[in-house]
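**Q** After the C-alpha cells below, expect a handful of questions from me.
The values are calculated or read from the model by the stated rules, or taken from the named source; none is laboratory data. Predicted, not measured: the structure shown is a model, and the values here were computed from it. Glycine also receives a Cβ, built like all others from the backbone with ideal geometry; neighbour counts cover every protein chain displayed. The area values use the complete protein model at the heavy-atom level, side chains included, leaving out ligands, DNA and RNA. Shrake-Rupley method; radii C 1.70, N 1.55, O 1.52, S 1.80 Å.
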Amino acid sequence: MSNVVALAAEPRHREQEAKGAPLTLLQPPLVSFSGVNKTYDGTALVVRDLDLDIRRGEFLTLLGPSGSGKTTTLMMLAGFESPTSGEISLAGTPITRTPPHKRNFGMVFQNYALFPHMTVEENVAYPLSVRKVKGAQRAEKVARALGMVQMGKLGSRYPAQLSGGQQQRVALARALVFDPQLVLMDEPLGALDKQLREHMQIELKELHRRLGVTFVYVTHDQSEALTMSDRVAVFNDGAVQQVDRVDRLYEAPANRFIAGFVGDNTVLNGVVVDTTGGSCRVGLANGCRVTGLNVNDAKPGDEVQCCIRPERLELTGVLNQANTFEATVADVIYFGDHLRLRCTVPGQPEATVKLPLGGHGVPARGDAVMLYAAEEHLRAYR
C-alpha cells in the first residue's frame, strides 16, 4: 500500500473502530494530532498528515523502523519539537505552542538521563523541586514513587551504584512522581539485556494497569510492542500505516509493510485469477492456486503477495487438497518452545513453518512436504 492510501485510510479507521465500541472508547481522546506535518529542511516530510487520537488511560506504542517518524512524533508531543503545520491538542485544548515544562508530562529516555551527582531520592525529587513542592509533601511523593517501582530501599544510592534495570526504575519513578496525566517513553528498555528487558516489559505493563496513567511508548521492537500495548500505531516513511489493538495488528495487517514488519511472515507471490466477495484466487509460479482474503481489493491480473503467519501453516498428508503447495525442508531448527522448518518452495521466497514441540512425524532436512494455508489466514496484498 502506498503512503497516500495508508493516509487516506487513517481517518476511516477512527470511524470503524468506534462502531460497537464500549462507551469508554467513545469518550473524547486525551491527545489528538490533527493534520500534523514535520520537516527539517522544508522539503522532506519526517512526519506527514498525522491524524492520531490517544485515549485516556491507554498504553499506546509508536512502532516503526529507524527514520519512520515515531520518535519525532513523541518529541512533538513532549514539546521538544514543533510541528511544521497541524495541531496537537490535550483534552481539547491546543498545546502546539505550549513549552515542554508547562505540559506536565513525564518523560523517560533510553539513557535514563539521571543526574550522577544526585542520590536516587534527589533524582526523583527533582521534578518536585522545579514545581516548588517542599517539605513533607515532597518526601511523601518521592517515597510513594520509589515504592511504585520497588526502589524504596535504595534511595540513598547514586546512579553509578545501580544496575541498568534499577536506573530504569528510578527514571520511571522520576517521571511519575508529580502525578502527570501522560508518561512518554523513548525506547527506555533498549540498553538492557534480553532477559532483563523482557522482565521490565511485564513490570511496566503491570504498573500501567495499577496506575491507570496514559503511557505513550516508542520502540522499533515488534515483540515489545505486542507484549505491552493496548494499541499500536505503526509508522513507516513518516506516515501511520495502521492503528489497532495488538491482536488485530498481528492477525489482520492492513498492508504489505505491516505484514512483513510485525512478526514473522511467509510470502507467496502470484497473480490474481479471479475474485469472489472478499476473497481472491491466486495463481502461483509453480502452477498451484490458492485462495485468500482480498485485503486491498486486488483485481484479476494484479500481482499480489499472499502472506501467512508461520504458525498458521500446517503440514498435511492430503494430496490435491485446496490451498496446498509442495515444499522441501531445508532445515529444522530447535527454538526451545517450538520447532521451525525452513522450506524451499519453487519460484517463491523461503517458507517458514512453526511446529509445537512433541509433535509426531517431524520431517527431516531434504524431505518433500505438502503445506496447507487455510483461506481465512492467507491474506493477499496488491
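**Q** Based on the alpha carbons, how large is the Rg to Rh ratio for the range 314-374 when Rh follows Kirkwood?
**A** Dividing the radius of gyration by the Kirkwood radius yields 0.94.
**Q** With a 1.4 Å probe and every protein chain left in place, work out the accessible area per residue of the range 185-340 in Å², rounded to a whole number.
**A** Accessible surface, normalised per residue, equals 43 Å².
**Q** Running a GNM on the chain with Cα contacts under 10 Å, which residue among His220, His338, His101 ends up with the highest mean-square fluctuation?
**A** His338
**Q** Now, a different point. Sum -39500 (n - 2.57) across every DSSP H segment of at least 4 residues in the chain, then divide by the residue count to get the 222 nm mean residue ellipticity, nearest 500.
**A** Only helices count here, giving -8000 deg cm²/dmol.
**Q** How big is the charge dipole of the chain about its Cα centre, in debye rounded to the nearest 20, if each Lys and Arg gets +1 on its Cβ and each Asp and Glu gets -1 on its Cβ?
**A** Charge dipole, the chain, about its Cα centre: 1400 debye, nearest 20.
**Q** Still on this structure, please answer the following. Ignoring ligands, DNA and RNA, what percent of the 1.4 Å accessible area of the chain is carbon and sulfur?
**A** Here carbon and sulfur together make up 51 percent of the probe-accessible area.
**Q** Let me ask something else. Mind checking Rg over Rh on the range 261-382, alpha carbons, Kirkwood formula for Rh?
**A** Radius of gyration over Kirkwood radius for the range 261-382 works out to 0.97.
**Q** Continuing with the same structure: Out of (i) 170; (ii) 133; (iii) 217, which label holds the value of volume of the Cα convex hull per residue in Å³ that was computed here?
**A** Looking at volume of the Cα convex hull per residue in Å³ for this model, the match is (i).
**Q** Using only alpha carbons, build the gyration tensor for the range 170-285 and give me the equivalent ellipsoid semi-axes, biggest first, whole Å.
**A** Taking √(5λ) for each Cα gyration eigenvalue gives 36, 15, 12 Å.
**Q** By average Cβ neighbour count within 10 Å, what is the ranking of 135-142, 292-299 from highest down?
**A** 292-299, 135-142
**Q** Still on this model: Indicate, rounded to the nearest 5 percent, the antiparallel portion of the DSSP beta bridges found entirely in the chain.
**A** 75 percent
**Q** Provide the per-residue ³J(HN,Hα) series for the range 212-224, in order, calculated from phi with Karplus coefficients 6.51, -1.76, 1.60 and θ = phi - 60°, each as a whole number of Hz, with x at glycine and proline positions.
**A** Computed from phi, the couplings for the range 212-224 are x, 7, 6, 10, 10, 10, 10, 7, 10, 8, 5, 5, 4 Hz.
**Q** Which angle from 0 to 90°, rounded to the nearest 10, does the C-alpha axis of helix 164-176 make with the longest principal axis of the chain?
**A** Once rounded, one gets 60 degrees.
**Q** Same structure again: Can you bin every Cα-Cα distance in the range 247-331 into 5 Å intervals starting at zero and give me the percent of pairs per bin, rounded to whole numbers?
**A** It works out to 3, 13, 23, 24, 21, 12, 3, 0, in whole percents.
**Q** Okay, next question. Across the range 30-155, how many lysine pairs, 8 or more apart or on two chains, come within less than 23 Å at their alpha-carbon atoms?
**A** Lysine pairs satisfying the spacing and distance rule in the range 30-155 number 9.
**Q** I've got another one for you. Which angle between 0 and 90 degrees, to the nearest 10, do you get for helix 194-211 versus the longest principal axis of the chain when only C-alpha atoms count?
**A** Taking Cα atoms only, the helix is inclined about 60 degrees.
**Q** Using only the Cα atoms of the range 80-138, construct the convex hull and provide its projected area averaged over every direction, in square nanometres to one decimal.
**A** 5.9 nm²
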